[in-house]
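What follows is a single structure, written as structure tokens, with notes after it.
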Amino acid sequence: MTERAALVVADDLTGACDTGHGFAARGHETVVCLTPDFETDAAVVVADTDSRYLAPDAAARRVRDVLAGVDAAVVYKKVDSTLRGNLGPEIAAALDAADAEAAAVAPAFPSNGRVTACGVHLVEGDLVADTPAGNDPDGPVTDSSLPGLLRAQGLDDVGHTGVERVARGDVALDGARVTAVDAVHDSHLAAVADAARERDALLVGSGGLAEHVTLDAPTVERQSLRETPTGTAFGVAGSVAPETLAQLDHLPDSAVVSLAAERAVTDPEGAAADAVSTCRDRLAASSVVVLASARTREDVETTLAAARDADVSERAARDRVTDALGRAARAVWDASAPDGLVLTGGAVARAALDALDAGGLALRGEAVAPGVPGSVVRGGRADGTPLVTKAGAFGGDATLADALDYVRRVPGAKR
């Protein structure tokens, strides 16, 4: 078994990409594997377990399975920067599978407004439980205390290192098996990474901490971007986070095609077919088109009302909308073969790439915005296609437009 410089185990696809970017940006060849049998010689391998909303035992099992199949000098357990998902079970599984004595847990991502102070996790200054993460329909975050949340999710031996000590570089990892660490600045995350390296501790964090993990691995060069955009770009926006809705508003109306999501809850195939026809016509006449599941909160409520009327659960409705978007991505690709792709929302990114039979993503080490990395699709229908993946809640108003521009400038686009 070939030893990798690092193995990142993430619980969703956009998180896998933004965390892998922390290594790729420093020149380390980094590949996100979308299928278990995808082969790569990259120094850094990122695995997406797609386990954020699984039952805890199933999520832990996926983490153990990944770690059993890859030998790596550094193991990094990626967790959500808004604390969603199975943090406790997955950290416990990673500790055991990696045979680590201790774990440093620092999910802060200061450049994206996520910080931890006095053990309390904040997003843009608000308690994380008071943000949209607290209303996540599949797994709401109800405790803004990082140590408290870890204990509630089954980790018994949890300590805490406060920001005053971290700022002095004193990150103690010897008092508990799992230590929740404050961080309000990138320098604090650097101190966490250094302390974990000295103790050979399991690293647990979001894309923020990954930027400071030092590897003993070679670096590679990347091609420069074209000076001006060329070709066409197709985007799929499945997130209904306020940030994504604002980004859609920033685009010209002619660039956005709305999926008939209320139809998709009962007929995803039909809704996809209608959207594909419109997207194909728009791409024939213009360079940029984005297919969106919603433009406003009212669109979301209309879709949920249609689901209730059809006796379809909210979870099933979201899954069917995601399925429709994945179907549409494949059909638009087959009909128009756009030069670049932009995918927003982890579940939708996974659905679209699965529909395109992609095997992996080679990260370019460039980002449109913090946590919004560029890559190139490897394998499948869209092999070689420039791609940007974006978590729904990341980025400013212009980020989606910038991402569409970026994929039209990456070398390798067909036109």
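Any read-out appearing in this document is the output of simple, stated calculations on the displayed coordinates, not a laboratory observation. These numbers come from a predicted model, not from an experiment. With ideal geometry, Cβ positions are generated from the backbone for all residues, glycine too; neighbour counts draw on all protein chains shown.
Odds and ends about this structure:
- Gain upon complete extension [A284, E39; 0.36 nm per residue less C-alpha separation]: 84.6 nm
- Counting all C-alpha pairs of segment 126-195, share separated by more than 19 Å (%): 44 percent
- Computed over segment 341-415, the quotient of the alpha carbon radius of gyration and 2.2 N^0.38 Å is 1.01.
- The Cβ shell under 15 Å around T35 holds other residues with a net charge of -4, Lys and Arg each +1, Asp and Glu each -1.
- Against the chain, whose longest principal axis is taken from its Cα atoms, helix 186-199 shows a tilt of about 60°.
- Ranking L251, F38, A6 by Cα position along the charge dipole of the chain, where only Lys, Arg, Asp and Glu carry charges on their C-beta atoms, puts L251 farthest toward the positive end.
- Taking label positions 7 Å along the Cα-Cβ direction at both T219 and H185, the computed distance is 2.5 nm, reported to one decimal.
- Classification of segment 236-324 by its C-alpha gyration tensor yields an oblate form. The axis ratio a/c (a ≥ b ≥ c) is 1.5 or more, and b/c is at least a/b.
- Whether segment 3-210 is rounded, prolate or oblate, judged on the alpha carbon gyration tensor where a/c under 1.5 counts as rounded: rounded
- Stretch gain in nm, segment D309-D194, where the contour uses 0.36 nm per residue and the Cα spacing is subtracted: 35.9 nm
- Charge dipole (debye, nearest 20) of segment 60-175; +1 at Cβ of Lys and Arg, -1 at Cβ of Asp and Glu: 160 debye
- Projected label points at A337 and D57, each 7 Å from Cα along the beta carbon direction, are separated by 4.9 nanometres.
- Rg/Rg_globular for the chain, with Rg_globular taken as 2.2 N^0.38 Å and Rg from C-alpha atoms: 0.94
- Rounded to the nearest 0.05, the FRET efficiency derived from the C-beta distance between D65 and D99 at R0 = 22 Å is 0.90.
- Computed over neighbours whose Cβ is under 15 Å from that of H121, the net charge equals -4, Lys and Arg +1, Asp and Glu -1.
- Approximate spin-label separation R168-E124, in nm, with each point projected 7 Å along Cα-to-Cβ: 3.5 nm
- Phi angles of segment 40-48 translate, via the Karplus equation with coefficients 6.51, -1.76, 1.60 and θ = phi - 60°, into HN-Hα couplings of 8, 9, 4, 5, 10, 10, 10, 10, 9 Hz per residue; Gly and Pro are given as x.
- 0 to 90° range, to nearest 10: angle between helix 13-24 axis and the chain longest Cα axis: 60 degrees
- Helix axis angle, 346-355 relative to the chain longest principal axis, alpha carbon, degrees: 60 degrees
- Antiparallel DSSP beta bridges within the chain, percent to nearest 5: 30 percent
- Extension gain from T296 to S258, taking 0.36 nm per residue of separation minus the Cα-Cα distance: 12.6 nm
- When only the Cβ of Lys, Arg, Asp and Glu is charged (+1, +1, -1, -1), the dipole of the chain relative to its Cα centre reaches about 820 debye.
- Computed from the alpha carbon positions, the gyration tensor of segment 233-407 leads to an equivalent ellipsoid with semi-axes of 24, 17, 15 Å, biggest first.
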